[in-house]
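Student: Once you've had a glance at the structure underneath, I'll fire off some questions.
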Amino acid sequence: MTVTTTTNLGLEIPDNAEIARLWADEEETEDWWKNNNDKIVEAIKAPALQTYDVIFSSLGTPHPDVGSGILEGVYRLLPNNWVQGWVFAQFGSGSNFGSSNWRVSLPFNYLNSSHVHSSLAGFGSCLGSATLRDNSSESNSQTAAIQLASTNTILLTTEQGSASRVVQDSYPFTWASDDRFHLSFLYRADV
Amino acid sequence: MGTTTTPNLSLIKPDLSEPIPNWATQNESNCDTIDAFFSYTETDYSPTWTGTGGNPSLGSGGSISGRWASLWPKLIRVEIQIDCGGAGFDAGSGVYELTTPSTMNAVMDASESAVRGFIIGTAICIDINSNSNSCTMAVRARSSTTIGGILELGATGGSTWGNSSPFSWAQDDRISLYFVYLEA
């Protein structure tokens with residue numbers, strides 16, 4: 001009796017003898033399907049959402065801190081270690097807005113070999129998009145892009161007209177309590 | 001004895017009269033069919049950068065690098081970086097386009113309808129001499145095999161990525177972008 005597996009998904013393929021054995025035992029057959037191929041297919045159809053602890057930092061100190069606000073990260077691991085993730089941050093009372101360019105951590109390290117990876121400084125891969133919300137001025141609010149900053153951190157780049165092309169405490173507007181940002185990214189992880 | 005097949009993947013469905021010994025072979029065929037559908041490919045490619053009024057050409061040390069991966073059946077993610085390079089860079093003229101590694105599904109490209117061409121990704125345009133010129137850009141399907149860029153309201157030079165928008169492309173400027181599309 002032999003069970004082999006397929007290359008990509010690991011689907012189990014029983015031989016004739018194994019099928020005959022399973023067929024003879026209805027309960028075992030049911031268990032086999034539930035625990036093997038069905039499980040694989042279900043996992044592909046609906047990858048589980050996971051939360052992660054986002055590290056929010058800046059190039060200089062002190063690092064930013066949302067105070068009594070919200071900082072949350074969610075991701076799901078897709079086939080072949082692709083990661084689809086989202087981060088939401090809202091500054092609350094007691095916030096600190098850091099010093100110089102912001103950094104936001106990824107749930108897993110980035111896999112260099114799966115991306116176009118330039119060695120030029122400041123030229124990291126574009127991994128996603130973001131929105132920046134000035135709660136007291138809609139005209140300041142804008143879209144942003146997500147750029148790789150290091151193996152496990154990203155930075156946010158601004159629209160045209162900002163003296164700093166990277167989001168930080170006073171760019172593209174002066175951040176304050178109740179301001180917020182949403183990030184959405186997609187990359188292949190080194191896991 | 002008998003089998004039928006499903007319409008999309010041609011999976012084999014044995015009926016009640018099909019002998020059990022055939023099931024192993026049929027099951028193996030079905031598993032292999034499904035498995036092949038999820039085969040993973042990831043590889044480099046060389047996008048072609050064009051301008052509707054004249055093609056740009058890279059300067060000394062410049063590069064165009066592309067890499068694509070099959071995230072899901074018929075779902076392709078592409079990443080491109082362009083470093084314009086130094087001496088000898090020619091920005092060309094007109095609206096810029098980049099070629100895709102394969103043909104896109106007609107439902108998403110601008111050749112289906114002049115006003116269509118879905119937004120499929122994001123780009124970062126870097127003017128090496130000016131932070132305030134640098135900006136983000138939406139990536140849009142322009143034909144079944146090309147993409148372009150749509151700029152924010154009020155961007156310098158107009159709404160479409162080109163030789164003078166969102167700034168006048170010059171030596172050592174850079175762009176980094178990614179997009180995801182449905183394959184034909």
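The values are calculated or read from the model by the stated rules, or taken from the named source; none is laboratory data. Keep in mind that this is a model prediction, so the values were computed, not measured. Cβ coordinates were reconstructed from backbone atoms using ideal geometry, including for glycine residues, and neighbour counts include every protein chain displayed.
Student: Filtering segment B:1-46 down to residues that are in a helix (DSSP H, G or I) and among the aromatic types (F, W, Y), which residue is nearest to B:K74 (Cα to Cα)?
Tutor: B:F37
Student: Next question. In segment B:56-102, which residues are within 14 Å of another protein chain (Cβ to nearest Cβ), closer than 23 Å to A:F185 by Cα, at pLDDT 95 or above and outside any strand (DSSP E or B)?
Tutor: B:P101
Student: Checking A:T6 against (1) surrounded by 12 or more Cβ atoms within 10 Å (Cβ to Cβ); (2) more than 14 Å from chain B (Cβ to nearest Cβ): exactly one of these is not met. Which one?
Tutor: It fails just one condition, (2).
Student: Also, I was wondering about something else. Can you spot a residue in segment A:62-72 that is surrounded by 15 or more Cβ atoms within 10 Å (Cβ to Cβ) and either over 30 Å from A:N101 (Cα atoms) or hydroxyl-bearing (S, T, Y) (or both)?
Tutor: no
Student: Hey, among B:S93, B:S102, which residue is over 19 Å from A:C126 (Cα atoms), more than 13 Å from the chain's Cα centre (by Cα) and surrounded by 15 or more Cβ atoms within 10 Å (Cβ to Cβ)?
Tutor: Matching residue, one of B:S93, B:S102: B:S93.
Student: Okay, moving on. Within segment B:12-40, how many residues are away from chain A (no Cβ under 12 Å) and not basic (K, R)? It would help to see each step written out before you state the result.
Tutor: Of segment B:12-40, the ones away from chain A (no Cβ under 12 Å) are B:12-13, B:15-18.
Now narrow it down to the ones that are not basic (K, R): B:12, B:15-18.
Number of matching residues: 5.
Condition check ((1) under 20 Å from B:R67 (Cβ atoms); (2) hydrophobic (A, V, I, L, M, F, W, C); (3) within 11 Å of chain B (Cβ to nearest Cβ)) across all residues:
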position	(1), (2), (3)
A:G94	no, no, no
A:L127	yes, yes, yes
A:I146	yes, yes, yes
A:A149	yes, yes, no
A:L183	no, yes, no
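Student: OK, next. If A:F91 satisfies all but one of (1) over 20 Å from B:I80 (Cβ atoms); (2) surrounded by fewer than 22 Cβ atoms within 10 Å (Cβ to Cβ); (3) out of contact with any Leu (no Cβ under 8 Å at 6 or more places or on another chain); (4) of a type in the set (F, W, Y), what's the number of the condition it fails?
Tutor: (2)
Student: Consider A:D178 carefully, then state whether it is within 14 Å of chain B (Cβ to nearest Cβ), surrounded by fewer than 23 Cβ atoms within 10 Å (Cβ to Cβ) and either at pLDDT 95 or above or in contact with a helix residue (DSSP H, G or I) (Cβ under 8 Å, 6 or more places away or on another chain) (or both).
Tutor: No: the conditions fail for A:D178.
Student: So, one more: Condition first: within 16 Å of the chain's Cα centre (by Cα) and assigned to a strand (DSSP E or B). Can you find one or more residues in segment A:162-176 that meet it? Give the derivation first.
Tutor: Filtering segment A:162-176 down to residues within 16 Å of the chain's Cα centre (by Cα) leaves none.
Within segment A:162-176, not a single residue is within 16 Å of the chain's Cα centre (by Cα) and assigned to a strand (DSSP E or B).
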